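Here the structure is laid out as structure tokens; the discussion comes afterwards.
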Amino acid sequence: MSKADREFRSQQGYRIYPGSHLAGGSDRSHDAKNWVRHVFAPPGEAPDNSHYAGFGDANGDGRPDIAYGAKGNGDPLSGGWFAWWEQPEDAKAPWRKHLLSAPEIGASNIMPADLNGDDHLDWFATRGHAYGVLWFRGPDFEMIKIDPDFKNPHSLDLADIDGDGDIDAITCSKDPDGHAAWFENSGSGTFTRHDIATNQGSYDTRLCDMDKDGDLDVLIAGHTSRNVVWFENPIQ
Ligand SMILES: [Ca+2]
Ligand SMILES: [Ca+2]
Ligand SMILES: [Ca+2]
Ligand SMILES: [Ca+2]
């Protein structure tokens, strides 16, 4: 540790420097036991194996809200939902649940973006344990199907993949003989599917500029295809 680093840490009141003027004070950031648990979805509001969270201001009040997909309870004929929870003025108070769609067998991913450029936030969603890629158009969140037959799209990332200024999406099936595909946004929320790979099964993907050429590539953890790969975006 450098002298400058020691001095910086001392100014932050780290306990390992008892001579600092803040030592023994209120800095408890290293005490994980002091994290406070807040339950924004009370018991009964979030059954059925909720999966991945989306975080964005769904109602435009300046406070970020949270959405989840839940895949269901294993009964092929019931369960599952997409929903978002509205953040109140006091984030520690109960949040209000808004059901987007149910039953939603296999629902897993839901992420926020303005997909049609109308300044209202929308939700892009997938059913990672069943079939289907879809979006909910704000502000009333009407469901719009994109690709109802896409099997087990278990990952989801949103970004401007082709660099034309609108938000696109990418997903990968969790099946070993599945597809990785990106969905090109026309700018108005109409999407065209482009397959990147076959026989590629993954639980998770990341968009990142792997080769530093200025475009977003996709990194895929091949959970079921037993590989770890990245696909280079051809736009650069
Ligand atoms: Ca909000
Ligand atoms: Ca919108
Ligand atoms: Ca785009
Ligand atoms: Ca790149």
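The table for this structure:
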| quantity | calculated |
| --- | --- |
| Matching residues, the stretch 149-158, being under 18 Å from the mean Cα position of the chain (by Cα) and part of a strand (DSSP E or B) | PRO153, ASP157, LEU158 |
| Conditions (1) in a strand (DSSP E or B); (2) out of contact with any strand residue (DSSP E or B) (no Cβ under 6 Å at 6 or more places or on another chain); (3) not β-branched (Val, Ile, Thr); number of the one not met by ALA180 | (2) |
| Top-ranked residue of the stretch 92-141 - restricted to ones that are away from ligand 1 (no atom under 15 Å from the Cβ), small (Gly, Ala, Ser) and not in a strand (DSSP E or B), ranked as surrounded by the most Cβ atoms within 10 Å (Cβ to Cβ) | ALA107 |
| Number of the exception - ARG226 against (1) in contact with a strand residue (DSSP E or B) (Cβ under 9 Å, 6 or more places away or on another chain); (2) exposed (fewer than 13 other Cβ atoms within 10 Å of the Cβ); (3) at pLDDT below 95 | (1) |
| Matching residues, the stretch 113-160, being within 16 Å of ligand 4 (Cβ to nearest atom) and farther than 17 Å from GLY69 by Cβ | ALA159, ASP160 |
| Checklist (1) modelled with pLDDT under 95; (2) not in a loop (DSSP other than H, G, I, E, B) applied to ILE146, failing item | (1) |
| Residue in the stretch 222-232 that is part of a strand (DSSP E or B) and within 15 Å of ligand 3 (Cβ to nearest atom) present | no |
| Boolean, ILE161 is more than 16 Å from ligand 1 (Cβ to nearest atom), under 16 Å from ALA113 (Cα atoms), in a loop (DSSP other than H, G, I, E, B) and of a type in the set (Val, Ile, Thr) | yes |
| Scope the stretch 197-206; condition buried (at least 16 other Cβ atoms within 10 Å of the Cβ) and more than 19 Å from ARG127 (Cβ to Cβ); matching residues | ALA197 |
| Counted residues, the stretch 32-60 - those being touching a strand residue (DSSP E or B) at 6+ places or on another chain (Cβ under 9 Å), within 16 Å of ligand 2 (Cβ to nearest atom) and part of a loop (DSSP other than H, G, I, E, B) | 3 |
| Residue in the stretch 84-106 that is modelled with pLDDT of 95 or more and touching a Leu at 6+ places or on another chain (Cβ under 8 Å) present | yes |
| Residue match in the stretch 164-174 (condition: hydroxyl-bearing (Ser, Thr, Tyr) and out of contact with any Asp or Glu (no Cβ under 9 Å at 6 or more places or on another chain)) | yes |
| Flag for ASP213 being more than 16 Å from ligand 3 (Cβ to nearest atom), modelled with pLDDT of 95 or more and assigned to a loop (DSSP other than H, G, I, E, B) | yes |
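The values are calculated or read from the model by the stated rules, or taken from the named source; none is laboratory data. Values in this document were obtained by computation on a predicted structure and should not be read as measured data. Every residue, glycine among them, receives a Cβ derived from its backbone with ideal geometry; neighbour counts consider all protein chains shown.
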